[in-house]
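Enquirer: Sharing a structure with you now.
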Amino acid sequence: MLARSARGTGTLLLRGLNILIPVLDRIRYVQSLKEIVINVPEQSAVTLDNVTLQIDGVLYLRIMDPYKASYGVEDPEYAVTQLAQTTMRSELGKLSLDKVFRERESLNASIVDAINQAADCWGIRCLRYEIKDIHVPPRVKESMQMQVEAERRKRATVLESEGTRESAINVAEGKKQAQILASEADKAEQINQAAGEASAVLAKAKAKAEAIQILAAALTQHNGDAAASLTVAEQYVSAFSKLAKDSNTILLPSNPGDVTSMVAQAMGVYGALTKGPVPASQDSVSSRSSRDVQGTDASLDEELDRVKLS
C-alpha cells in the first residue's frame, strides 16, 4: 500500500515508518498495488454484419506507478472501465457475428493491447480481459439455431452420400474382381479342355497307328487275306442291317443279297491299292477293257431308250 501526502507537490510515503507534520501533511490518495478485478457493465455493440449484441466482461489490472495513478487521472478505475467498453465496441465492429464466437481469445487480446497503450500515462497496466456473456437477439438466435441444424443435416447428408459412394465403389470392385476371376477360371477351363482334346486326339492317333501296324502285320501272315475278307463281310452285313433306321433315303446296290460279290469287289480294291504301278501292256489291256465296258454301257442305254419309246 502506497500513499501520497498533500504537502507541496506531494510527498511519496513509502512502506514502513513515515513521519507526517500535523496540519501541514495529510494523506490524500491511497493506491493499492495488488491486482484489481473490475466488472465491465453490459453494453450494446454492433458487429460488422449489423447484429446488435449485449456483451459484458471482466477486467484485470494493476497499478504500476502510484504517482501517475494519483495525479495522472481523476478516477483510474472508472477511466479504465470506460476505455474497456469503448475498445470492446470498436473491436466488435470489426468482426462479423460468426467470428465473434470463434475469435474470443483474439478479441480479448486486442482489447488488452488497446487499454495498455492508452493507460500507460496513468500508471496502470491491464493484465487480461475476459468476455463473460454474449447475448444475441431472439430472432438472430433462432436463425443461428436453424443454421446449426442445417449444417448438421448437411454433414449427415454428406456422410451418407460418402458412405453410399464407398459402398458402390466396393460393390463395383467386387464385381470387377469376380468377373476377372470368372474369366481366368474360364480361360483355365478352356486351356485344360483344349489340352485334354489334344491329348485325346494324340491318343486316338497313336492307337489307330498301332492298330494299323497290327493289322498290317496280321495281313502279311498266313491266311491274312481270308481274315480281311471275313472282316469286310462282317462290316457289310452290319451296315446293311442299319439301312432305313436313321433316315427315309435308302441307297441300295444292284444285288444287295450278294455278299460274295461285295466282298470280292472290296478285296479287289484293296489288292489294287496294295499292288505297285501297273505295266504299260496291262494299262493297254485295262484301257481296252474299259472301252469295251463303255461300249456295253452305251448299247445298254440305247436298248433302254428303245424300250421307253415302245
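Enquirer: Please list 165, 152, 104, 128 in order of solvent-accessible area, largest first, computed with a 1.4 Å probe with all protein chains present.
Expert: Greatest to least solvent exposure: 152, 165, 128, 104.
Enquirer: Still on this structure, I have one more. Mind checking the log10 I(q)/I(0) for the stretch 37-136 at q = 0.20 Å⁻¹? Debye, one equal scatterer per Cα, no solvent, two decimals.
Expert: -0.91
Enquirer: Based on the Cβ-Cβ distance from residue 165 to residue 89, what FRET efficiency comes out when R0 is 45 Å, to the nearest 0.05?
Expert: 0.40
Enquirer: Any idea how far the Cα center of the stretch 77-120 sits from the one of the stretch 153-228, in Å?
Expert: The stretch 77-120 and the stretch 153-228 have Cα centres spaced 83 Å from each other.
Enquirer: Suppose we look only past 19 Å in the calculated P(r) of the stretch 94-177. What percent of the Cα-Cα pairs does that tail hold?
Expert: Above the 19 Å cut-off, the stretch 94-177 has 65 percent of its Cα pairs.
Enquirer: Using a 1.4 Å probe on the protein heavy atoms, what percent of the accessible area of the stretch 37-136 belongs to carbon and sulfur?
Expert: 45 percent
Enquirer: Would you mind calculating the gained length between residue 46 and residue 101 on full extension (0.36 nm times residue separation, minus the Cα-Cα distance), in nm to one decimal?
Expert: Taking residue 46 through residue 101 to full extension adds about 18.4 nm, to one decimal.
Enquirer: Would you kindly state how much longer the chain becomes between residue 62 and residue 155 on full extension, computed as 0.36 nm times their sequence separation minus their alpha carbon distance, in nm to one decimal?
Expert: Full extension from residue 62 to residue 155 adds 28.7 nm.
Enquirer: Quick check on my link table: of 154/175; 99/154; 34/132, which ones sit more than 27 Å apart, alpha carbon to alpha carbon?
Expert: 154/175
Enquirer: While we're looking at this one, here's another question. Apply 1/(1 + (r/R0)^6) to the Cβ-Cβ distance of residue 201 and residue 177, taking R0 = 51 Å, and write down the FRET efficiency to the nearest 0.05.
Expert: 0.90
Enquirer: Taking Cα atoms of the stretch 137-224, Rg/Rh with Kirkwood Rh, to two decimals?
Expert: That ratio is 1.82, to two decimals.
Enquirer: Where only protein heavy atoms count, and the probe is 1.4 Å, what is the accessible area per residue for the stretch 37-136 in Å²?
Expert: 51 Å²
Enquirer: For the stretch 79-125, which GluC sites (Glu not before Pro) are both in a DSSP coil and crowded by at most 16 other Cβ atoms within 10 Å?
Expert: In loop regions of the stretch 79-125 (DSSP not H, G, I, E or B), the sparsely surrounded GluC sites (Glu not before Pro) are 103.
The values are calculated or read from the model by the stated rules, or taken from the named source; none is laboratory data. Computed from a predicted model, the values in this text were never measured in an experiment. Don't worry about glycine lacking a Cβ; one is built from the backbone with ideal geometry, like all the others, and counts go over all protein chains shown. The area values use the complete protein model at the heavy-atom level, side chains included, leaving out ligands, DNA and RNA. Shrake-Rupley method; radii C 1.70, N 1.55, O 1.52, S 1.80 Å.
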